[in-house]
Amino acid sequence: MHPKESQDEVIRLLSDPKVFSVGSGPVERIQTHVSEVFLAGERALKLKRAVVFPYLDFSTPEKRRAACEAEVRINRRTAPTLYK
C-alpha cells in the first residue's frame, strides 16, 4: 500500500468541522511537503504525512509519532500554551 493511501481516511475525518466541535465553520487545510495542517476556529491540528525524503523518513506511524513528540517537546519550551 502506498503510504498516502493509508492516510486518506484520517485526512477526510480531520477535514470535517464536526470533529472540532467548536462551531467554527469550514476547516481550512494547508498542505506542506511533510504535513497536513487543519485550522478550525482557534484550533489547529497537524498530521505528519507518510513520506520519505533523503533527509527524513515518516514512512511508518511509529516514526511519525516520534517526530510529533519531539516537535511538541521542543516547541513547548517557547510556546507552552500553544502546544498541548
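Bear in mind these aren't lab numbers, they're just calculated from the coordinates by the rules spelled out. In this text the structure is predicted, and so the values were computed from the model without any measurement. Every residue, glycine as well, gets a Cβ built from its backbone with ideal geometry; the counts of neighbours run over all protein chains shown.
For region 23-37, does any single residue satisfy the condition of being among the basic types (Lys, Arg) and loosely packed, with under 15 Cβ neighbours inside 10 Å?
Yes, that holds for at least one residue.
Given the chain, what strands (runs of 3 or more DSSP E) lie entirely inside it while holding 2 or more residues that are small (Gly, Ala, Ser)?
Of the strands (runs of 3 or more DSSP E) lying wholly inside the chain, those with at least 2 residues that are small (Gly, Ala, Ser) span 35-40.
Write out, first by first residue and then by second, each pair whose Cβ atoms fall under 7 Å of each other, whose residues are 6+ apart or on separate chains, and whose first residue, in region 22-51, is free of Cβ contacts under 8 Å to residues at least 40 places away in the same chain and closer than 15 Å to residue 11 by Cβ while the second is of a type in the set (Ser, Thr, Tyr) and surrounded by 12 or more Cβ atoms within 10 Å (Cβ to Cβ).
Note: pairs meeting the criteria are 27/15; 29/15; 38/15; 40/24; 46/35; 48/35.
Restricting the search to region 61-84, which residues are more than 27 Å from residue 21 (Cβ to Cβ) and surrounded by 12 or more Cβ atoms within 10 Å (Cβ to Cβ)?
63, 66
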